[in-house]
Amino acid sequence: FTMANVALEIDDSDVRRMLASSPAKLDRAMRGAMNDATALLLRDLQTYPPQRTGSSYVRTGTLRRSWSRDIQGDGLAMRGIVGSNENMAPYNRLVQSEADQATVHRGRWTNTVQNVLSRNQSTIQDMFEARFAAEFG
């Protein structure tokens, strides 16, 4: 996966002590929340803006198909990865990276990696809190 590197940090210092006593609950909460979060990010990153009126360009859907997600590890070391395969869509940065976005896409293709992450940060935080509340009460 090659794309702009961005990270979302969740402040979990208050719950780490509680979680150490119940690794099975921790793993279920983390896996559920990570699944929720990566599914949300994947959906938003795969969403194309409306096609330009009058455009004769036929979309292939390759960029959409280049996106995938994976969950690795367990417990507090779990990591969710959402990325675009650069071999499949070598132009991915020119479309969905704020730093590298081509002029033709600016203002139209607003679901850049950075925008999608920023826009969904509080929703993802809520997903983790809900999963932990369900497991730990």
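Using only DSSP helix segments of four residues or longer, with each worth -39500 (n - 2.57), what per-residue ellipticity at 222 nm results for the chain after dividing by its residue count and rounding to 500?
So the calculated ellipticity at 222 nm is -14500 deg cm²/dmol.
Could you work out the longest stretch of the chain that avoids the chymotrypsin sites (Phe, Trp or Tyr not before Pro) located in DSSP loops with at most 16 other Cβ atoms within 10 Å?
That would be 2-56.
Just the number, please: carbon plus sulfur as a percent of the accessible area of segment 88-137, 1.4 Å probe, no ligands or DNA/RNA counted.
Of all accessible area on segment 88-137, carbon and sulfur atoms account for 54 percent.
What is the gain in length, in nm to one decimal, between residue 22 and residue 72 on full extension, counting 0.36 nm per residue of separation less the C-alpha to C-alpha distance?
16.0 nm
Report, in degrees rounded to the nearest 10, the 0 to 90 angle that the Cα long axis of helix 113-136 makes with the longest principal axis of the chain.
20
Between residue 133 and residue 79, what length comes free when the chain is fully extended (0.36 nm per residue of separation minus the Cα-Cα distance, one decimal in nm)?
Additional length available on full extension: 17.4 nm.
For Kirkwood radius over Cα pairs in Å, the choices are [x] 15.4; [y] 18.4; [z] 16.4; which was calculated from the structure?
[z]
Of 47, 53, 38, which has the most accessible area with a 1.4 Å probe, and how do the rest follow in descending order?
53, 47, 38
I'd like the trypsin sites (Lys or Arg not before Pro) in segment 20-73 restricted to DSSP loop residues with at most 11 other Cβ atoms within 10 Å, sorted by number.
Those that pass, being in a loop and sparsely packed, are 52, 59.
The values are calculated or read from the model by the stated rules, or taken from the named source; none is laboratory data. Because the structure is a prediction, the values reported are computed rather than measured. Virtual Cβ from ideal backbone geometry, glycine too; neighbours counted across all protein chains shown. The accessibility values were calculated without ligands, DNA or RNA, using every heavy atom of the protein model including side chains. Shrake-Rupley method; radii C 1.70, N 1.55, O 1.52, S 1.80 Å.
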